[in-house]
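What follows is a short report on a single structure.
The values are calculated or read from the model by the stated rules, or taken from the named source; none is laboratory data. A quick note: this is a predicted structure, and the numbers were derived from the prediction, not measured. Here Cβ is always computed from backbone atoms with ideal geometry, including for glycine, and neighbour counts include all displayed protein chains. Just so you know, the surface numbers come from the protein's heavy atoms only, side chains and all, with ligands and any DNA or RNA stripped out. Shrake-Rupley method; radii C 1.70, N 1.55, O 1.52, S 1.80 Å.
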Amino acid sequence: MTPLLLSEEKRDALRELVNIGMGTAAAALAAALGTFVELTSPGLEVTDRGSVAKQLDTGAWRNSEIEAVRQPFFGAFTGESVMLFDRPAHAELAGMVGYGPESAVVEQQEVLLDVANVVIGACVNGIAESLAELVSFAPPTRLGTRADVRAFLSREAVAWQQGLIVNVDFKLEARSFLSRVLVFLPEPSMLRIDQALSRLLDGLAAG
Amino acid sequence: MASPQADATAALGPAGLAVDFLARLIDRINVGIVTVDADGTVMQWNRFLHAHTCLSPEQVIGQNLYDRFPELPRAWLERKLRSVFLLKNFAFTSWRQRPYLFRFDNHRPLTGGAEPMRQDCTFIPLEQDGEVKAVSIVITDATDTYESQTRLDEAVAALAAQSERDALTGVYNRRKLEQVLDAEMKRARRYNQSLSAVMFDIDHFKRVNDTHGHLVGDEAIKHVASRAVAILRVTDFVARYGGEEFVALLPGEQIAGAAKAAERLREAAAKPFTALSEVPLSVTISAGVSALRPDTADGKALLAEADKALYASKAAGRNRVTIFTP
């Protein structure tokens, strides 16, 4: 395993940036959907590819049915983000935006695409904007279920070796779901984030 | 002397020209662009949309989008737009979830059939002084992607269907049987329902092959398979287990009912059939029947019991049905 990029101090800083982004996203989602939404990110890890796959087979995710959405981004940082939802999230989220509990599968997928677009946007933009960098997004698409995620993670010719795992606690009114945002960056982008974080932290220290 | 028009263009200067070109580009680009303000009033309507709706910018701009196009999915679109105004974030829709926003004919009137154009949409927030003042909806034609995806899906479905069928008889193959057997066992146990299995094979099959040749042997196998499909219910499951041996799973059927079905099958299989335009030929089958009990270990055990009963039918002189007794 290559040594992890980003020092502990920088990871802390990144965690803060993501949380600020999540706060903005939650407020905006709540306003857009007319319901109480809380998004918090209790954890952010920098890890390599193999560990991501392993994590999906442990803990609360081990037995849950996964539905995943992917969204590429490009610009100052290039990468792909994957948002994972556990099973109860589908129906609940669909219900939340006004589709009935019996809503069609495609409608439920559409809701997940919308929510992932907002949360991934908040997460990646939260980082990019704080670092005064510009990032654009391609449309989100459905990645699929657990098997598809596994295939995605094990693909041989992928550029990224290290990624960010952002755990997101998703609370809607009294209910909460498991969801997780994975941000995968190829090494040059990771280095760019590292440099931008250096500038940010130096600026803070100087100021 | 320059014409008044050239004077006007020259008067724009390089920056003005760039704005002018940009406006033309937006108008003529081969995607649909419609811009609305927070109240849903149309501010921009480009040529692509003009061409597909036969409604000019003059007929649409300044009007409320939903009044002008009552067929739009209003509640959904309003929610989508509202989120872009609030979140200042791009939003997207795909033909995979929502085939189209505006119903347009596809762009190939001669080869495209009657399918409406599939559309991907991007919602772009247009900010001024930190506030989203309008949202542009960019509509791209995704019909080509849709069509190749549809062909791919059909090919995959056909391959999947083939991979679970026996090529000679068209009934399910052994691999599929093993999958279904597990699922049926679980289902029967969960809902406390009956499940029976019938294992049957053609008597003296080697003799049929030796006497009439393998092609006629194949016909005999097809004959028995087609009798089984005809006699059993649609909810029953028939698979070729190997060679001249078959398995039928009868969900919801107790052992006595399964034995009756096996007996009907035995009678039907014994009727003469015509193989390869030769004289009519007949074969007989032997069958063994088993049923799920609380102490049945698994699907394999269920089949093993049917197999034992089948063996008993053979030992007792063939052309008969035997019920497994523990």
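Quick notes
- The set of residues in the range B:40-51 being open to solvent by less than 50 Å² (accessible area, probe 1.4 Å) and either of a type in the set (A, V, I, L, M, F, W, C) or within 14 Å of chain A (Cβ to nearest Cβ) (or both) consists of B:V42, B:W45, B:F48, B:L49.
- Residue selected from the range A:142-151 under the condition more than 11 Å from chain B (Cβ to nearest Cβ) and crowded, with 19+ Cβ neighbours inside 10 Å, by the criterion modelled with the lowest pLDDT: A:V149
- Within the range B:32-59, residues that are over 17 Å from B:F123 (Cβ atoms) sit with their Cβ atoms under 9 Å from residues that are basic (K, R), at 6+ positions apart or across chains, in these pairs: B:R47/B:R28; B:L55/B:R68; B:P57/B:R47; B:Q59/B:R68.
- Exactly one residue among B:A220, B:A197 is closer than 24 Å to B:F324 by Cα, open to solvent by less than 50 Å² (accessible area, probe 1.4 Å), over 28 Å from the mean Cα position of the chain (by Cα) and not acidic (D, E), and that residue is B:A197.
- Subset tally (residues that are open to solvent by less than 70 Å² (accessible area, probe 1.4 Å) and either small (G, A, S) or closer than 17 Å to B:A134 by Cβ (or both)) for the range B:52-67: 7
- Members of the range B:190-203 found to be of a type in the set (D, E, K, R) and farther than 18 Å from B:K314 by Cβ, listed by number: B:R190
- Filtering the range B:313-322 to residues that are surrounded by fewer than 20 Cβ atoms within 10 Å (Cβ to Cβ) and under 21 Å from B:A268 (Cα atoms) leaves B:K314, B:A316, B:G317, B:R318, B:N319, B:R320.
- Filter result (modelled with pLDDT of 90 or more, within 14 Å of chain A (Cβ to nearest Cβ) and in contact with a Phe, Trp or Tyr (Cβ under 7 Å, 6 or more places away or on another chain)) within the range B:52-80: B:R74
- Residues (under 17 Å from B:L86 (Cβ atoms) and away from chain A (no Cβ under 14 Å)) located in the range B:114-138: B:L126, B:Q128, B:D129, B:K133, B:A134, B:S136
- Residue satisfying all of: in the range A:12-27; open to solvent by 10 Å² or more (accessible area, probe 1.4 Å) and at the interface with another protein chain (Cβ under 10 Å from one of its Cβ atoms); nearest to the chain's Cα centre (by Cα) among these: A:T24
- Reported count of residues in the range B:91-101, each being facing chain A (nearest Cβ under 8 Å) and in contact with a strand residue (DSSP E or B) (Cβ under 6 Å, 6 or more places away or on another chain), is 4.
- Test: residue in the range A:132-141 that is more than 18 Å from B:P125 (Cβ to Cβ), within 17 Å of the chain's Cα centre (by Cα) and modelled with pLDDT of 85 or more: yes
- Unmet requirement for B:A297, which otherwise passes all of (1) in contact with a helix residue (DSSP H, G or I) (Cβ under 8 Å, 6 or more places away or on another chain); (2) part of a loop (DSSP other than H, G, I, E, B); (3) farther than 23 Å from B:V208 by Cα; (4) open to solvent by 20 Å² or more (accessible area, probe 1.4 Å): (1)
- Hey, B:K206 basic (K, R), within 25 Å of B:R318 (Cα to Cα) and open to solvent by 40 Å² or more (accessible area, probe 1.4 Å) or not: yes
- Restricting attention to the range B:257-270, the residues being open to solvent by 50 Å² or more (accessible area, probe 1.4 Å) and in contact (Cβ under 8 Å) with a residue 24 or more places away in the chain number 2.
- For beta carbons closer than 6 Å, sequence separation of 6+ or different chains, a first residue in the range B:129-146 that is at pLDDT below 90 and a second that is surrounded by 15 or more Cβ atoms within 10 Å (Cβ to Cβ) and polar (S, T, N, Q), the qualifying pairs are B:T143/B:N106.
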